[in-house]
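*Asks:* Right, I'll just put the structure down here and ask away after.
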Number of protein chains: 2
Amino acid sequence: MVLYMVGLGLGDENDITVKGLKIVQQCDLVVLEAYTSVLGIVDKEKLEALYGKPIVVADRDTVETQADEIILQNDKNVAFLVVGDPLCATTHTDLWLRARQKGIQVEIVHNASIMGAAASSGLSLYNFGQTVSIPFFEDNWKPTSFVPKIEYNLQGGMHTLCLLDIKVKEPDFKAMMKGKTEYLPPRFMSVATAAQQLITSQQLLLPDNNNNNNKTHYGTALCVGLARMGQPTQQIIAGTLEELAQIDMGTPLHSLIICGDVHDLEVEVLKEFLVEGSKYQFPTNNSEQ
Amino acid sequence: MVLYMVGLGLGDENDITVKGLKIVQQCDLVVLEAYTSVLGIVDKEKLEALYGKPIVVADRDTVETQADEIILQNDKNVAFLVVGDPLCATTHTDLWLRARQKGIQVEIVHNASIMGAAASSGLSLYNFGQTVSIPFFEDNWKPTSFVPKIEYNLQGGMHTLCLLDIKVKEPDFKAMMKGKTEYLPPRFMSVATAAQQLITSQQLLLPDNNNNNNKTHYGTALCVGLARMGQPTQQIIAGTLEELAQIDMGTPLHSLIICGDVHDLEVEVLKEFLVEGSKYQFPTNNSEQ
């Protein structure tokens, strides 16, 4: 039997491919990775209506600890649905490996992901370097391991896609102390928060940079905020980090791009997204690579 | 009116999204970017049957020089179909810009592209650096501008996706001299040719590297050949460049990945794709980032 890992794309239930839809309709069991339903991008009821069968919702914990019982079944064709692409931003390589170890054939049905949709900013995907994740800063925990990665990309002229933290099913410690199992409401990092954290990170790291006076710092780079990519309310705004830190881009999901060298064609598109009155000055004499 | 730029995905006519299909069925004009038909991935007749309407095939030349007459129409809803994603590997940013300048609204329907499907190798898309294109070497023209980009990625621990040359509608100069307009048969670079060219490039550049003895060179990196990604006959083979240079991976399209630092989970998947008897030794004591 086969485990089909099916990407749902970024928008609503109709962003599945025709092939993916046919597969899901023929499977014995349909499992939806829970980020999906939490995000409300796709509606479980609408999916069930489109597929003509019930859906089991599995949160990340279930996928990681109960995969053997729920997803990896030797006697059933199972469709495992993931928002975006099953192997892109939210990688399910681990599940793929465990299925193979159990002798279950795995088929991937690819789809659009945020890593591809970032191209809607006008920035060429060819020029993106490594992707970083930006975690929520806490009072006593402000990790900045993404900074050297961004800097390395920048020094090589490359753009950086920053995927922003999602906190889902975080235990509520106050409730726990009263003996209750409760969860905090989900939190999704906004472009404004990410921009503010990037500014903070730079200040935290600045004293270490005495020997790197010539280093390009991301604080002066053009940045692009992305919100709800692939959805009808998609929004793209370009500006400096300081400018993006002041802008409310609305409901999740958000991502942020820090631009490296921008070429003529990229500039032409980015200008359309530049925040009004931006202090950012495009370099003159750009030359196409 | 709207110009819909619709990604077809990587496989056959059923890799379009449900949303994309609905849009195409409602458009007044459907234009197919010609790479598609040349590649034979999607069959024009099958597409026409699925859409219930005729398709105009436009080669790259037509898209670039006759877009105004054919694609950018103010009084029609036009669907412009692109294999993969409209903005990923084959970027149509220029068309997007020209449409906007004519006051035509543009909607992108994203889909899977080779840049996402590369994740099927087990390599994390997070760890990919800039993408390079490898052109066919000619007797008197062996450009190696992709080498420093690969090296920069490697030194930062990043993987490199190499997109391989496609020669379509190349004029036949011999026929031209006889006054005929004829085209050479299309050529698609194989993984073996790309691997051989990379080995050649290293030899060409070696004398310049006297001061860079400590540089990581891609010649010793693990490489991954990709063929027909997203299609039923998809093939993935890992090995050294020397090994891949000897392997025939069959019909197009091919791509090649040069691996940077590989992490535990990546190694687990890559081992399944390693060519039998490979000389490549995975580093011991990998640690997950």
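Just so you know, all these numbers are worked out from the coordinates, no wet-lab data involved. If you're wondering where the values come from, they're calculated on a predicted model, not measured in any experiment. Backbone-built Cβ (ideal geometry, glycine too); neighbour counts: all protein chains shown.
*Asks:* What is the mean number of Cβ atoms from other protein chains located within 10 Å of the Cβ atom of each residue in peptide A:151-161, rounded to a whole number?
*Replies:* Numbers: counts 0, 7, 5, 0, 2, 9, 3, 7, 1, 0, 2.
Mean number of neighbouring Cβ atoms from other chains: 3.
*Asks:* Under the convention of a label 7 Å out along Cα→Cβ, give the distances in nm from A:K53 to the same position in every other copy, shortest first.
*Replies:* 3.3
*Asks:* Between their Cα atoms, which of A:K279/B:K19; A:K142/B:K271; A:K149/A:K279; B:K149/B:K271 are more than 30 Å away from each other? The partial results should precede the final answer.
*Replies:* Working: A:K279/B:K19 39 Å; A:K142/B:K271 36 Å; A:K149/A:K279 25 Å; B:K149/B:K271 26 Å.
From the list (A:K279/B:K19; A:K142/B:K271; A:K149/A:K279; B:K149/B:K271), the Cα-Cα distance tops 30 Å for A:K279/B:K19; A:K142/B:K271.
*Asks:* Let me ask you something else. Please report the antiparallel percentage of DSSP beta bridges with both residues in chain B, rounded to the nearest 5.
*Replies:* Numbers: 19 of 41 bridges.
About 45 percent, rounded to the nearest 5.
*Asks:* Calculate the mean, over all residues of peptide B:121-134, of how many other protein chain Cβ atoms lie within 10 angstrom of the residue's Cβ.
*Replies:* On the way: counts 1, 5, 2, 6, 12, 11, 4, 6, 8, 13, 5, 1, 1, 0.
Averaged over the peptide's residues, the number is 5.
*Asks:* What's the local net charge at B:V78, with K and R +1, D and E -1, over the other residues with C-beta under 15 Å away? The partial results should precede the final answer.
*Replies:* Values: positive: B:K53, B:K76, B:R98, B:R100, B:K102; negative: B:D28, B:E33, B:D68, B:E69, B:D75, B:E107.
Surrounding charge for B:V78 is -1.
*Asks:* Using the count of nearby Cβ atoms within 10 Å as a rough guide to exposure, how do B:T93, B:T200, B:T65 rank from fewest to most? Can you show the working numbers first?
*Replies:* Numbers: B:T93 18, B:T200 14, B:T65 10.
Fewest to most other Cβ atoms nearby, the residues stand as B:T65, B:T200, B:T93.
*Asks:* Would you kindly work out, in nm and rounded to one decimal, the distances from the label point of B:D75 to those of the same position in each other copy, ordered shortest first, with label points 7 Å along Cα-to-Cβ?
*Replies:* Copy-to-copy label distances at B:D75, shortest first: 6.5 nm.
*Asks:* From a point 7 Å beyond the Cα of B:D264 in the direction of its Cβ, which residues of region B:107-144 have a backbone N at a distance under 20 Å?
*Replies:* So the set is B:122-127.
*Asks:* While we're looking at this one, here's another question. If you wrap a convex hull around the alpha carbons of region A:4-108, what volume per residue comes out, as a whole number of Å³?
*Replies:* Working: hull volume 9.1 nm³, N = 105.
Convex hull of Cα atoms, per residue: 86 Å³.
*Asks:* Peptide B:15-23: average number of partner chain Cβ atoms within 10 Å per residue?
*Replies:* Values: counts 7, 3, 14, 11, 9, 5, 4, 1, 1.
Mean shielding count: 6.
*Asks:* Additional query: Can you tell me the length gained on complete extension of the stretch B:D61 to B:M1, counting 0.36 nm per residue apart and subtracting the Cα distance?
*Replies:* On the way: separation 60, 0.36 × 60 = 21.60 nm, distance 2.43 nm.
Taking 0.36 nm per residue and subtracting the Cα distance, the gain is 19.2 nm.
*Asks:* With an 8 Å Cα cut-off and a minimum separation of 6 or more residues, compute the relative contact order for chain B in percent. Could the numbers behind the result be given before it?
*Replies:* Numbers: 523 pairs, mean separation 51.5, N = 289.
With pairs under 8 Å counted, the relative contact order is 18 percent.
*Asks:* Next question. Would you mind checking which residues have amide H under 5 Å from A:L274's amide H? H placed 1.01 Å from N; only 5 or more apart, or other chain.
*Replies:* Amide H to amide H, under 5 Å and 5 or more residues apart or across chains, A:L274 pairs with A:A238.
*Asks:* With θ taken as phi - 60° and the coefficients 6.51, -1.76 and 1.60, list the Karplus ³J(HN,Hα) couplings across region A:49-54 in order, rounded to whole Hz; mark glycine and proline as x.
*Replies:* 5, 5, 7, x, 7, x
*Asks:* Around B:S113, under 12 Å between beta carbons, what's the net of Lys plus Arg minus Asp minus Glu among the other residues?
*Replies:* Numbers: positive: none; negative: A:D85, B:D15, B:D85.
Value of the local net charge: -3.
*Asks:* So what's the angle, to the nearest 10 degrees on a 0 to 90 scale, between helix A:264-273 and the longest Cα principal axis of chain A?
*Replies:* With both axes taken from Cα atoms, the answer is about 80 degrees.
*Asks:* Where the centre of each part is set by its Cα atoms, how far does region A:146-207 sit from region B:217-242, in angstrom?
*Replies:* If we compute the Cα centre of each part, the gap is 35 Å.
*Asks:* In nm, one decimal, shortest first: how far is the label point of A:R187 (7 Å from Cα along Cα to beta carbon) from the matching points in the other copies?
*Replies:* In ascending order, 5.8 nm.
*Asks:* Which residues' amide hydrogens lie under 5 Å from the amide hydrogen of B:Q231, considering only partners 5 or more residues apart or on another chain, with H built in the peptide plane?
*Replies:* It is none; the list stays empty.
*Asks:* Still on this structure, please answer the following. Would you calculate, for the protein assembly as shown, the mean residue ellipticity at 222 nm contributed by helices, counting each DSSP H stretch of 4 or more residues as -39,500 (n - 2.57) and dividing by all residues, to the nearest 500? Write out the running numbers ahead of the final one.
*Replies:* Values: 24 runs with 178 residues, N = 578.
For the protein assembly as shown, the value works out to -8000 deg cm²/dmol.
*Asks:* List every residue whose amide H lies under 5 Å from the amide H of A:G157, counting only residues 5 or more places away in sequence or on a different chain, with H placed 1.01 Å from N in the peptide plane.
*Replies:* A:D261
*Asks:* Find the Rg to Rh ratio for the protein assembly as shown, where Rh is the Kirkwood radius over alpha-carbon pairs and Rg uses the same atoms.
*Replies:* Working: Rg = 23.9 Å, Rh = 25.1 Å.
Rg/Rh for the protein assembly as shown comes to 0.95.
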